[in-house]
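Every number here is computed from the coordinates shown, using simple stated rules; none is lab data. All values reported here derive from a predicted model rather than from experimental measurement. Cβ placement follows ideal geometry from the backbone for every residue including glycine, while neighbour counts extend to all protein chains displayed.
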Amino acid sequence: MLKIHDLHASINGRDILKGLSLHVKPGEVHAIMGPNGAGKSTLGNILAGRDGYDVSQGTVEFEGRPLLELEPEERAAAGLFLAFQYPVEIPGVNNTYFLRSALNAQRKSRGEPELDSMQFLKLVREKLSVLHLDDKLLHRGVNEGFSGGEKKRNEIFQLAVLEPKLAILDETDSGLDIDALKTVAEGVNTLRAPDRAFVVITHYQRLLEYIRPDVVHVLADGRIVESGGPELALELEEHGYGWIRDRVVPEA
Ligand code: ADP
Ligand code: MG
Ligand code: MG
């Protein structure tokens, strides 16, 4: 589904990713952990198609297509969801309306019929009930005055409605409370499917107490330096990142 091979990328002439490779198959949940400044968010931003990054080497294939050659909207239409794709506050624009526009834009570019407001409402009710969310957030402005927890709930709701093939979540270390983490984890667990994969980027082992990843990777100094099962996350919790740093091979 996702094949990243030997990715090298820089920001303002500074090398951040230094030969990163990662393979994700349908149905899998991968966690990417690593010390602050390792390049985790950079990886997410490059996959999202954000400006400002120079990719000098390597390839990224998504479902057999060269991802880096696609515009952000084309990536979304191809089935890629990045939680931080829609984080903006849009005061006065109704959250439901916004999401229907996003969904219909994707459907249109796939040649699927757009949903009218009745059909969309039905879909929304279904997703809310599956996720045990209430409809409070639907009628507010997009992310307008949302708390951290509400943003997380909204993110998971967007994910459920857009039904991507691959969802990439960057769980920044910005003081989310345990309820917000649980919302993310329960959302991921509920939306897991044989044809859907998740990459969860996180600084915190805590999130992985609720999500059971199939594969845990450690990203340090721009590369994946270690991969393993869920037990790797526990090891990191116990020993920190010091022992991983020792494995980062100095550049020749
Ligand atoms: P992580 O998410 O793993 O904490 P980031 O990908 O955010 O790490 O950052 C990786 C490195 O790139 C850090 O050293 C950071 O300071 C640097 N960096 C990130 N964004 C920029 C930028 N816009 N300009 C310059 N350096 C940046
Ligand atoms: Mg950081
Ligand atoms: Mg980050």
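Restricting attention to the chain, the count of lysine pairs at 8 or more positions apart or across chains with alpha carbons under 20 Å apart stands at 22.
Can you compute the FRET efficiency between Ser101 and Asp15 using 1/(1 + (r/R0)^6), with r the Cβ-Cβ distance and R0 = 41 Å? Round to the nearest 0.05. Each step should come with its number before you reach the end.
Values: r = 38 Å, r/R0 = 0.93.
Result of the calculation: an efficiency of 0.60.
Working note: 222 nm ellipticity from helices only, DSSP H runs with n ≥ 4, each -39,500 (n - 2.57), summed and divided by the residues of the chain, gives -10500 deg cm²/dmol to the nearest 500.
Taking a quarter of the surface of the Cα convex hull of segment 1-140 gives a mean projected area of 10.4 nm². Summed over all non-identical Cα pairs, the Kirkwood treatment of segment 89-152 gives a radius of 12.6 Å. Placing +1 on each Lys and Arg Cβ and -1 on each Asp and Glu Cβ, with no other charges, gives segment 2-245 a dipole about its Cα centre of roughly 400 debye. For segment 2-245, divide the Cα radius of gyration by the Kirkwood radius and give the resulting Rg/Rh value with two decimals. A ratio of 0.96.
Is the shape of segment 169-227 rounded, prolate or oblate, going by the alpha carbon gyration tensor and its root eigenvalues a ≥ b ≥ c, with a/c under 1.5 for rounded and a/b larger than b/c for prolate? Walk me through the numbers before you get to the answer.
Values: a/c = 2.17, a/b = 1.17, b/c = 1.86.
Judged from the Cα gyration tensor, segment 169-227 comes out oblate (a/c at least 1.5, b/c at or above a/b).
Dipole orientation for segment 2-245: of the candidates Leu47, Ala102, Leu121, Leu121 has the Cα lying most toward the positive pole (charges on Cβ; Lys, Arg +1; Asp, Glu -1). In terms of the mean number of neighbouring beta-carbon atoms within 10 Å, the peptides 130-137, 224-231, 74-81 order highest first as 74-81, 224-231, 130-137.
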